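Notes follow the structure.
The values are calculated or read from the model by the stated rules, or taken from the named source; none is laboratory data. Just so it is clear, the model here is predicted, and its values are computed rather than measured. Backbone-built Cβ (ideal geometry, glycine too); neighbour counts: all protein chains shown.
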Amino acid sequence: MATTYCTRSDIETLLSPVALIECIDDDHSGTESAAETIHITNAIERAATRLNMAVSRQYVLSEVTGNAWMKWANATLAAELLASRRGNPAPQSIMDDAKEILELLNEISWGRKPLPEQAPSFDHLPTVSNFEAEPRKRIMPVRVVKEESTGSDPEGQRMRHYANQWGNY
């Protein structure tokens with residue numbers, strides 16, 4: 001199950017409760033059955049999956065569960081799915097909001113824009129290492145110039161050999 005951000009009541013703020021029932025009422029009884037309730041759950045999950053795919057490159061999903069924009073975006077995309085599930089167009093305001101959300105999600109997924117009101121979980125800045133050839137060094141004759149390089153040292157068993165160090169090793 002996907003990490004979701006909204007509930008049925010959030011969708012009802014965009015589509016009235018009566019309109020929501022009309023969107024899922026396949027047998028035209030005017031009431032909601034258990035089989036028809038699944039349409040709401042599926043729409044929320046499908047919309048959340050779309051959101052998760054876009055933001056997971058820069059954000060840990062557990063950190064964005066309380067984000068108000070994600071809640072609104074999940075509800076808007078789910079409302080659009082529900083309103084248009086029988087081939088009818090969704091209300092124009094919901095379609096406009098969904099288009100805006102999808103454009104922003106595209107920018108977020110490429111790292112060009114941040115998620116509103118959320119600090120990125122990952123640092124994607126590149127690290128730069130400048131090297132200097134020291135042919136007299138027997139082990140690793142090409143070494144990193146620490147003063148000109150950026151980024152932290154490698155983790156684990158990897159070693160970084162620095163230039164301009166005393167000795168032949």
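Data for the structure
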item	result
Any hit, region 38-59, residues being of a type in the set (Val, Ile, Thr), surrounded by fewer than 16 Cβ atoms within 10 Å (Cβ to Cβ) and not in a helix (DSSP H, G or I)	no
Only one of VAL60, VAL64 that is modelled with pLDDT of 90 or more and closer than 29 Å to PRO120 by Cα	VAL64
Residues satisfying the stated conditions in region 1-18, i.e. surrounded by 16 or more Cβ atoms within 10 Å (Cβ to Cβ) and under 17 Å from PRO91 (Cβ atoms)	ASP10, ILE11, GLU12, LEU14, LEU15
Some residue of region 20-33 being in a helix (DSSP H, G or I) and of a type in the set (Gly, Ala, Ser)	no
Qualifying position, being in the same structural domain as GLN165 (by TED's automatic domain parsing) and either surrounded by 12 or more Cβ atoms within 10 Å (Cβ to Cβ) or not in a helix (DSSP H, G or I) (or both), among PRO120, PRO135, PRO116, PRO89	PRO135
